[in-house]
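Below you'll find the structure, written out as structure tokens, and then a few comments.
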Number of protein chains: 2
Amino acid sequence: MPGDPRPIGVFDSGMGGLTVLRALAARLPGERFVYLGDTARLPYGTKSAETVQAYALQATRLLLDHGVKMLVIACNTASAVALYVLEEAWEKVPVIGVIEPGARAGVATTRNGRIAVIATEGTVKGGAYVRAIKRFKPDTEVVQLPCQVFVALAEEGWINSPATLAASAHYLGPLFQGPAQPDTLVLGCTHFPVLADAIRRTVGSDVALVDSALTTAEAVAEALAAKGLASAPGSEDAGTVRFFATDSPERFARVGAIFLNRAIDPATVELVDLWTF
Amino acid sequence: MPGDPRPIGVFDSGMGGLTVLRALAARLPGERFVYLGDTARLPYGTKSAETVQAYALQATRLLLDHGVKMLVIACNTASAVALYVLEEAWEKVPVIGVIEPGARAGVATTRNGRIAVIATEGTVKGGAYVRAIKRFKPDTEVVQLPCQVFVALAEEGWINSPATLAASAHYLGPLFQGPAQPDTLVLGCTHFPVLADAIRRTVGSDVALVDSALTTAEAVAEALAAKGLASAPGSEDAGTVRFFATDSPERFARVGAIFLNRAIDPATVELVDLWTF
């Protein structure tokens, strides 16, 4: 089998999607990646569906211009409100979002049929997780909670600070007490996995945390195999990432390291303008 | 004196500048206002100077198209990095930012010559407050602290929550202890005045908090008088505000009420597109 040497395109509003890139790189060591963070306009989580759709379309065009063989929408908000727009527009490559893999993992995990989803305001408002979960298992009880402050806490790198613990207690404390509490919590924003320890201290050890980065990486691996798009083993640039950002490479590298869990050299981050796409 | 009936234009990255609008409306009850929040691209505080300059230029053009007689840059970040660009571009109307009034008030307030400035990452990086304070009084000691999480906490309306108190202690606790602490704290972001109570609980009652919204309103009043631009007393639409936002009027109205301290009817918020400016 010759293999498809083209890179996989990963798109996010900023740096949070690097948690997805990290899972993809670990699951698919033979692939190379192009990552685009729309840092000049982040965050998407507080913006309207129409605005996020317009931004996501521009990002998609840039990645297609760079010859990607598959598009991963690593941003929950963009996956929630813009995926169907992108699917209509681009039938050239498979497009995979993070919502459906996260919803599927939540359904597979829960024992008591009660799932909580924490996400940005935009993702919650769009209701995509609720729809996806109920599509897989209609009688599931789903509670959504917007946790907007978590985004800023994660970007500040306050993984386990008193402020993060207090925010976690504020958002999640009321829901996770008593016998009717959910047994599964879907982390429906790419920023949230870095706060998993603090979240765990509020919800307790019996609640399963679903990180959609891991389940998305699994979905991408399946799609690559099913469509014959996997790269040939041992290609020389396997594992490399080309980084694009729409604003400050310095901040992308500094904050991105929190989410990618390794240092990023700012000199390797290319500044691009999406306005012309 | 006939008076100048044109409105005053107020520009901010989002809703935080409504603290400045509120101070302006209280100080200048005879004026009317046009307020523009660039909510589709907020926040500016984490973005590069070049990006903020481009955004601020577009916003300025829209407000000039609406016939404003003066331009108030209510966003600290835009004031810090884009004011001189706007001044070069637009000699048609006076342009007033929030940095210089805040710096002047800080210098007038301090007794021990030590001033702390808390602001967004972008404002701190640009160093505009330090330059402005030292221009007024060169031997002042100025310490800057970026407090990015405060922005999200204010937008969430967590005025006095445990998370806000913890964040305040994290950011400000180390600086405000011991004999060499500053006696003056400039709130160098329009979001921060709504968190003043929580901040006060960290810094103590002996530290003066300088809210640049109030001092900016004073500077605007002086400039109107000096240039003969004040409106005639008793004009019928005095005190009215026309709101523009680049994204979701619903969110603008909901979050904006926190900063304006009164309800905003979403139906009165007009959606505009700055891309074409």
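No lab work stands behind these numbers, since they all come straight from the coordinates. This is a predicted model, so every value here is computed, not measured. Using ideal geometry, Cβ is built from the backbone for each residue, glycine included, and neighbour counts are taken over all protein chains shown.
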Report summary line: From fewest to most C-beta neighbours within 10 Å, the residues A:H66, A:H191, B:H170 line up as A:H66, B:H170, A:H191
Query raised in the report: Tell me, B:L153, A:L28 in order of fewest to most beta-carbon neighbours within 10 Å?
Result: A:L28, B:L153
Query - Mean separation of Cα contacts under 8 Å (6+ apart) over length of the stretch B:100-212, as relative contact order % - result: 35
Query raised in the report: If we hang a label 7 Å off Cα along the beta carbon direction at B:E270, how far is it from the matching labels on the other copies, in nm, shortest first?
Result: 4.1
Report summary line: Taking Cα atoms only, Rg over Rh for the stretch A:45-129 with Rh from the Kirkwood formula is 1.02
Report summary line: With the dipole of the stretch B:100-212 defined by +1 on each Lys or Arg Cβ and -1 on each Asp or Glu Cβ, the option from B:A163, B:P146, B:A108 whose Cα lies farthest towards the positive pole is B:A108
Query raised in the report: How large is the dipole of the stretch A:100-212 about the Cα centre if only Lys and Arg carry +1 and Asp and Glu carry -1, each at its Cβ, rounded to the nearest 20 debye?
Result: 380
Report task. May I ask you to sort A:D206, B:D12 by Cβ crowding, counting other Cβ atoms within 10 Å and putting the fewest first? Result -> A:D206, B:D12
Query raised in the report: Over what distance in Å are the Cα centres of the stretch B:133-197 and the stretch A:201-240 separated?
Result: 41
**Report entry** Inter-chain Cβ neighbour average for residues A:19-27, partner chain, 10 Å
**Finding:** 0
Report task. Starting from the Cα gyration tensor of the stretch B:122-165, multiply each eigenvalue by 5, take the square root, and state the resulting semi-axes largest first in whole Å. Result -> 29, 11, 8
Report summary line: Partner shielding of B:137-150, as the mean number of partner chain Cβ atoms within 10 Å, equals 1
Report task. Would you mind classifying the stretch A:120-277 by shape? Square roots of the alpha carbon gyration tensor eigenvalues, ordered a ≥ b ≥ c; an a/c under 1.5 is rounded, otherwise it is prolate if a/b is larger than b/c and oblate if not. Result -> oblate
Query - Burial ranking of peptide ranges A:209-220, B:233-244 (average Cβ count within 10 Å, highest at the top) - result: A:209-220, B:233-244
Query - Calculated label separations, A:P162, copies of the chain, 7 Å along the beta-carbon direction, nm - result: 1.2
Query - For the stretch B:248-255, 3J(HN,Hα) per residue [Karplus equation, 6.51 cos²θ - 1.76 cosθ + 1.60, θ = phi - 60°, Hz, x = Gly/Pro] - result: 2, x, 4, 5, 4, 5, 5, 6
**Report entry** Innermost chain A residue relative to the axis carrying A onto B, by Cβ distance in angstrom
**Finding:** A:A152, 2
Query raised in the report: How about B:K47: which lysines have a C-alpha closer than 18 Å to its C-alpha, ignoring those fewer than 8 places off in the same chain?
Result: A:K47, B:K125
Query raised in the report: Where does the charge balance sit around A:Y171 when Lys and Arg score +1, Asp and Glu -1, over other residues with C-beta under 14 Å from its C-beta?
Result: 0
**Report entry** Local electrostatic count at A:K125 - Lys and Arg +1, Asp and Glu -1, tallied over other residues with Cβ under 10 Å
**Finding:** -1
**Report entry** Principal axis dimensions, the stretch B:15-64 - Cα atoms, whole angstrom, descending
**Finding:** 36, 22, 17
**Report entry** Overall form of the protein assembly as shown per C-alpha gyration tensor (a/c, 1.5; a/b vs b/c)
**Finding:** prolate
Query raised in the report: Which order, highest average first, do A:36-43, B:15-22 follow once you tally other Cβ atoms within 10 Å for each residue and take the mean per peptide?
Result: B:15-22, A:36-43
**Report entry** Reachable lysines from B:K69, criterion Cα separation under 18 angstrom, eight or more residues apart if same chain
**Finding:** B:K92, B:K227
**Report entry** Packing rank of A:108-115, A:260-267, A:133-140, where each peptide gets the mean count of other beta carbons within 10 Å, highest leading
**Finding:** A:108-115, A:133-140, A:260-267
Report summary line: In terms of the alpha carbon gyration tensor, root eigenvalues a ≥ b ≥ c, rounded if a/c is under 1.5 and otherwise prolate when a/b exceeds b/c or oblate, the stretch B:51-202 is oblate
Report task. Could you work out the Kirkwood radius for chain B, taking every pair of different alpha carbons, averaging 1/r and inverting it, reported in Å? Result -> 18.7
Report task. Would you mind counting up the charge near A:R27? Only other residues with Cβ under 13 Å from its Cβ, with Lys and Arg at +1 and Asp and Glu at -1. Result -> -3
Query raised in the report: Is there a simple number for the mean count of other chain Cβ atoms within 10 Å of the Cβ of residues in A:161-170, and what is it?
Result: 6
Query raised in the report: Taking amide H positions as placed 1.01 Å from N in the peptide plane, with prolines and chain starts having none, which residues 5 or more places from A:V117, or on another chain, fall under 5 Å of its amide H?
Result: A:V143, A:Q144, A:L145, A:V186
Report task. Note down the relative contact order for chain A as a percent, whole number, built from C-alpha pairs under 8 angstrom at least six residues apart. Result -> 29
